[in-house]
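For reference, the structure discussed in these notes is given below.
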Amino acid sequence: MHDQAYGRVFDWLDSAHGARRRAGLVREVRPRPADAAVLDLAGNDYLGLTRHPEVTAAAADAALRWGAGATGSRLVTGSTALHAELEAELAAFTGFEAALVFASGYAANLAALTALSGRGSLIVSDAANHASLIDGCRLSRAEVAVVAHADPLAFRKALDGHPARALAVTDSVFSVDGDAAPLAALAAVCRDAGAALVVDDAHGFGVLGDGGRGAVAAAGLAGAPDVVTTITLSKALGSQGGAVLGPARVVEHLLNTARTFIFDTGLAPAATGGALAALRLLRREPGRASRVRDVAAELHRRLSAAGLAATRPDSAVVSVLAPSPEAAFAWAARCREAGVAVGCFRPPSVPDGVSRLRLTARADLTGGDIDRAVEVIVARAPRP
């Protein structure tokens, strides 16, 4: 009997796949060529730096000098002089006391939430937060209250009267629709309640604030003793990795307790060197941040004028609603066939269950690029 059963232990996967297929939610990996002749509005290369000659040269030089990999965790052999330079310059640029670099933005979020909470503490989380923040809440062993999206009053009610350690967590710019969190109001709520504020600034860093210093800086919270920020190096800086920024004692605590720092291999030298070069380039060319905001606003204006339901962007993300998951997938496929790559967000990536195209503006898009993108998206939109 056991001999007959062992080959069927994963039969339930066939049923799960069938359910996904019927719902129009099957996903697939589509490797892209290095020289794809596609206008990319799907990736997150907001400042157009991932192929910038200075950035790629710095990444290549770092790999030649330090090796292809970090060789170990940050506390063993995985820290190089490049990591230390990047951390110092990230902290100085954003206005925080200290920074700690991780192998990914996902790992940075898990570190911040698990190391700064724990049993008996409370985390109040926005309902639209990124999956990495949701997973951090689940792993924290804290009590978690999920509250209405971008609603400071809901945060206040959840924090009211909590006697133990508490923190509130939110994206600065939400990845699906590109809308911004009311950070100043949330900080005021946290201060009234004696709680810390953790902000994932993945989609604000490099785009918002003076010269791209981020949404936290734009809200006047940079360097605040009760605010911690996480960022990714894979969006505005065009590289890979993540970081936690905050008071020096917070960073010291994470260095000693955060499992995704202690037990994960350090960020590869090439990614570290590339991110450092991109950061220095942004400091020299701060106009890239305002340019990407202008491109996003223009995409929204023209798509809305064409009758599409496009969300007004607070950063670099523009969403265009679709009537169904199947329609969104087919729409994105038609755009790709016409040479324009757009993101396609379907459940469970969208918590509201509404499928949409997700467009990301880039600072290096020309007027002709914008014309082409709008023409393709509008012409291939689903018909009523």
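The values are calculated or read from the model by the stated rules, or taken from the named source; none is laboratory data. What you see is a predicted model; the values in this text were computed from it and never measured. Cβ atoms come from the backbone with ideal geometry, glycine included; neighbour counts cover every protein chain shown. These area figures cover heavy atoms from the full protein model, side chains too; ligands, DNA and RNA do not enter into them. Shrake-Rupley method; radii C 1.70, N 1.55, O 1.52, S 1.80 Å.
Can you list residue pairs whose Cβ atoms sit under 9 Å apart, with the first residue in region 205-231 being free of Cβ contacts under 8 Å to residues at least 60 places away in the same chain and within 16 Å of ALA296 (Cβ to Cβ) and the second being open to solvent by 10 Å² or more (accessible area, probe 1.4 Å) and assigned to a loop (DSSP other than H, G, I, E, B)? Count only pairs 6 or more apart in sequence or on different chains.
Here the result reads ALA218/LEU208; ALA218/GLY209, each pair linking region 205-231 to a residue that is open to solvent by 10 Å² or more (accessible area, probe 1.4 Å) and assigned to a loop (DSSP other than H, G, I, E, B).
With ALA166, ALA271 as the choices, which residue is open to solvent by 10 Å² or more (accessible area, probe 1.4 Å) and out of contact with any strand residue (DSSP E or B) (no Cβ under 9 Å at 6 or more places or on another chain)?
ALA271
For region 114-200, which fully contained strands (runs of 3 or more DSSP E) count at least 1 residues that are of a type in the set (A, V, I, L, M) and under 30 Å from HIS300 (Cβ atoms)? Quick ask: steps written out before the conclusion?
Values: elements: 122-126, 143-147, 166-171, 196-200.
In region 114-200, the matching strands (runs of 3 or more DSSP E) lie at 143-147, 166-171, 196-200.
Report yes if ARG280 is in a helix (DSSP H, G or I) and either within 30 Å of ALA19 (Cα to Cα) or touching a residue at least 24 places away in the same chain (Cβ under 8 Å) (or both), otherwise no.
On the way: in a helix (DSSP H, G or I): yes; either within 30 Å of ALA19 (Cα to Cα) or touching a residue at least 24 places away in the same chain (Cβ under 8 Å) (or both): yes.
Considered against the rule, which asks whether it is in a helix (DSSP H, G or I) and either within 30 Å of ALA19 (Cα to Cα) or touching a residue at least 24 places away in the same chain (Cβ under 8 Å) (or both), ARG280 comes out as yes.
Take the conditions in a loop (DSSP other than H, G, I, E, B) and either modelled with pLDDT under 95 or touching a strand residue (DSSP E or B) at 6+ places or on another chain (Cβ under 9 Å) (or both) and apply them to ASP14. Does it pass? I'd like the intermediate steps shown before the answer.
Numbers: in a loop (DSSP other than H, G, I, E, B): no; either modelled with pLDDT under 95 or touching a strand residue (DSSP E or B) at 6+ places or on another chain (Cβ under 9 Å) (or both): yes.
Considered against the rule, which asks whether it is in a loop (DSSP other than H, G, I, E, B) and either modelled with pLDDT under 95 or touching a strand residue (DSSP E or B) at 6+ places or on another chain (Cβ under 9 Å) (or both), ASP14 comes out as no.
Every residue in region 200-215 that is among the acidic types (Asp, Glu) and either under 22 Å from ALA111 (Cα atoms) or buried (at least 24 other Cβ atoms within 10 Å of the Cβ) (or both), please. Walk me through it before giving the result.
Our first condition is that a residue be among the acidic types (Asp, Glu); within region 200-215, this holds for 200-201, 210.
Listed by number, the residues that qualify are ASP200, ASP201.
Only one of ASP371, ASP364, ASP352 is at pLDDT below 90 and open to solvent by 50 Å² or more (accessible area, probe 1.4 Å). Can you tell me which? Break it down into steps so the answer makes sense when it comes.
On the way: ASP371 fails: at pLDDT below 90; ASP364 fails: at pLDDT below 90.
Step by step, each of ASP371, ASP364, ASP352 is checked, and only ASP352 is at pLDDT below 90 and open to solvent by 50 Å² or more (accessible area, probe 1.4 Å).
Report whether or not GLY204 is of a type outside the set (S, T, N, Q) and at positive phi. Before you say what the answer is, go through the steps one by one.
Numbers: of a type outside the set (S, T, N, Q): yes; at positive phi: no.
So GLY204 does not fit the description; no.
Quick check on ALA70: is it open to solvent by 80 Å² or more (accessible area, probe 1.4 Å), in contact (Cβ under 8 Å) with a residue 60 or more places away in the chain, in a loop (DSSP other than H, G, I, E, B) and of a type outside the set (Asp, Glu)? Reasoning before the result, please.
Details: open to solvent by 80 Å² or more (accessible area, probe 1.4 Å): no; in contact (Cβ under 8 Å) with a residue 60 or more places away in the chain: yes; in a loop (DSSP other than H, G, I, E, B): yes; of a type outside the set (Asp, Glu): yes.
No: the conditions fail for ALA70.
Suppose we filter VAL124, VAL76, VAL144 for residues that are out of contact with any helix residue (DSSP H, G or I) (no Cβ under 9 Å at 6 or more places or on another chain), farther than 19 Å from GLN240 by Cβ and either open to solvent by less than 40 Å² (accessible area, probe 1.4 Å) or at pLDDT 95 or above (or both); which single one remains?
On the way: VAL124 fails: out of contact with any helix residue (DSSP H, G or I) (no Cβ under 9 Å at 6 or more places or on another chain); VAL144 fails: out of contact with any helix residue (DSSP H, G or I) (no Cβ under 9 Å at 6 or more places or on another chain).
Of VAL124, VAL76, VAL144, the one residue that is out of contact with any helix residue (DSSP H, G or I) (no Cβ under 9 Å at 6 or more places or on another chain), farther than 19 Å from GLN240 by Cβ and either open to solvent by less than 40 Å² (accessible area, probe 1.4 Å) or at pLDDT 95 or above (or both) is VAL76.
Across region 219-268, what is the number of residues that are part of a helix (DSSP H, G or I), in contact with a strand residue (DSSP E or B) (Cβ under 9 Å, 6 or more places away or on another chain) and open to solvent by 10 Å² or more (accessible area, probe 1.4 Å)?
Our first condition is that a residue be part of a helix (DSSP H, G or I); within region 219-268, this holds for 248-257, 259-262.
Now restrict to residues that are in contact with a strand residue (DSSP E or B) (Cβ under 9 Å, 6 or more places away or on another chain): 248-252, 254-255, 260-262.
Imposing the further condition that a residue be open to solvent by 10 Å² or more (accessible area, probe 1.4 Å) reduces the set to 248-252, 255, 260, 262.
Within region 219-268, residues that are part of a helix (DSSP H, G or I), in contact with a strand residue (DSSP E or B) (Cβ under 9 Å, 6 or more places away or on another chain) and open to solvent by 10 Å² or more (accessible area, probe 1.4 Å) number 8.
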